[in-house]
Amino acid sequence: MTMPETAPVDTWLAVTREDGETVGYLEPVTEDYAAVIPRNRLGHAVGDVQDYHAAEEIVLDRGLRELAEHWLLDGAGPELAISELSPAGVVLRDAFLAKALVPLQAVHVPWPDTAGRLRRVQPERS
């Protein structure tokens, strides 16, 4: 199934946990939000177009755990860790050197990352 053109970010609905923390978004495909695309905090689609309630459950179930994972920028380079995430952008640093508290150059990616520049590092299978 092809994804529709991305709706303006100001039309996305925040999905929040009971504690008020935003865990993702629902991007409208129809004006009445009956059909939406579930998106994570980075703005990545995490499912196909579906009804509002099913998409909301997907986003709530995913939560924020993936933000702690390592990422690649444009599929290459060092593994990166997210250090800041806001509407101003995504700030990342080398995942391993940041743990050693080494001063690092930050990598900035515009938010939302609808272009998919950030890709999760897939764990090696043994």
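Extension gain, residue 57-residue 76: 0.36 nm per intervening residue step, less the Cα-Cα distance, totals 3.6 nm. Across 38, 28, 78, mean-square fluctuation computed from a Gaussian network of the chain (C-alpha pairs under 10 Å connected) peaks at 78. Stretching the chain fully between residue 48 and residue 106 yields a gain of 17.7 nm (0.36 nm per residue, less the alpha carbon separation).
Computed over protein heavy atoms with a 1.4 Å probe, the accessible surface of the chain works out to 62 Å² per residue.
Taking square-rooted eigenvalues a ≥ b ≥ c of the alpha carbon gyration tensor, is the range 1-75 rounded, prolate or oblate, where a/c under 1.5 means rounded and, failing that, a/b exceeding b/c means prolate?
Here the range 1-75 falls in the oblate category.
Principal-axis analysis of the Cα atoms of the chain puts helix 52-62 at an angle of about 20° to the longest axis. Entry for the chain at q = 0.12, 0.14, 0.17 Å⁻¹: log10 I(q)/I(0) = -0.48, -0.65, -0.90, Debye formula applied to identical alpha-carbon scatterers, no solvent contribution. Enumerate the residues in the range 32-57 having an amide nitrogen under 18 Å from the point lying 7 Å beyond the Cα of residue 119 toward its Cβ. Those under the cut-off are 42-47.
Between residue 88 and residue 16, the modelled label-to-label distance comes to 2.2 nm, taking each label 7 Å out from Cα in the direction of the beta carbon.
The values are calculated or read from the model by the stated rules, or taken from the named source; none is laboratory data. Just so it is clear, the model here is predicted, and its values are computed rather than measured. Cβ: placed from backbone, ideal geometry, glycine included. Neighbour counts: every protein chain shown. Calculation scope for accessible area: heavy atoms of the full protein, side chains included, ligands and nucleic acids excluded. Shrake-Rupley method; radii C 1.70, N 1.55, O 1.52, S 1.80 Å.
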